[in-house]
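What follows is calculated from the coordinates using simple rules that are stated; it is not laboratory data. Note that this is a predicted model, so its numbers are computed, not measured. Every residue, glycine as well, gets a Cβ built from its backbone with ideal geometry; the counts of neighbours run over all protein chains shown.
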Amino acid sequence: MLKEEVKKIEIRENDNVPFWDMGVLMFCKADGLFYEISFGDGTDNEPVGDCDDYAYLQTFGFNGCEFEERDGGNFWFHRKDYTGYINDEKFIRDCLEFMDCPDVENCIYLKRA
């Protein structure tokens with residue numbers, strides 16, 4: 001199912017630059033959390049190991065009135081391992097797994113962030 005959801009992520013004409021500062025919002029029914037995945041904006045200049053870029057990841061819950069941030073941090077990676085676009089299924093999958101999403105395969109794409 002994740003493969004089909006990632007196909008819904010629209011890449012617009014001005015998104016032709018890899019590692020554009022953008023993201024996506026996914027939802028996991030298993031834990032009721034929202035997962036935001038965004039490419040890093042360059043403000044973190046302390047790479048982990050020999051990684052050359054990072055994604056900023058956040059999880060949010062909804063308490064009935066507002067969103068509450070639950071967790072967040074950076075996912076450092078090697079650019080060569082991904083396409084550089086936000087609709088890269090492997091990238092989305094790796095980020096969700098890094099955030100300990102309990103049901104990566106059945107996450108739902110909500111919107112571009």
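Calculated mean residue ellipticity at 222 nm for the chain: -3500 deg cm²/dmol, from DSSP H runs with n ≥ 4 weighted as -39500 (n - 2.57), summed, divided by the residue count and rounded to 500. Sparse packing (at most 10 other Cβ atoms within 10 Å of the Cβ) combined with a DSSP loop state is found for the following GluC sites (Glu not before Pro) in region 54-113: Glu66. For the chain, the relative contact order comes to 39 percent (Cα pairs under 8 Å, sequence separation of at least 6). Rounded to the nearest whole Hz, the Karplus-based 3J(HN,Hα) values (6.51 cos²θ - 1.76 cosθ + 1.60, θ = phi - 60°) of region 105-113 follow the sequence 4, 10, 5, 10, 6, 9, 6, 6, 9, with x at glycine and proline. Summing Cβ point charges (Lys, Arg +1; Asp, Glu -1) relative to the Cα centre of the chain gives a dipole of roughly 460 debye. Remark: C-alpha extents of the chain on the principal axes read 39, 30, 22 Å, sorted largest to smallest. Between Glu105 and Ala30, the modelled label-to-label distance comes to 0.9 nm, taking each label 7 Å out from Cα in the direction of the beta carbon. Any idea what angle helix 89-98 forms with the longest principal axis of the chain, computed on alpha-carbon atoms, 0 to 90 degrees, nearest 10? Taking the Cα atoms of the chain, the angle to 89-98 is about 70 degrees.
You can think of it this way: the chain between Lys80 and Asp41 has 12.2 nm of extra reach, that is 0.36 nm per residue less the Cα-Cα gap. In summary, the aspartates and glutamates within cross-link reach of Lys7, defined as a Cα separation below 15 angstrom excluding same-chain residues under 8 places away, comprise Asp88, Glu89, Glu105. Taking Cβ atoms as reference points and 10 Å as the exclusive limit, the residues near Val104 contribute a net charge of -4, counting Lys and Arg as +1 and Asp and Glu as -1.
Taking other residues whose beta carbon is less than 14 angstrom from the beta carbon of Phe67, and scoring Lys, Arg as +1 and Asp, Glu as -1, yields -3.
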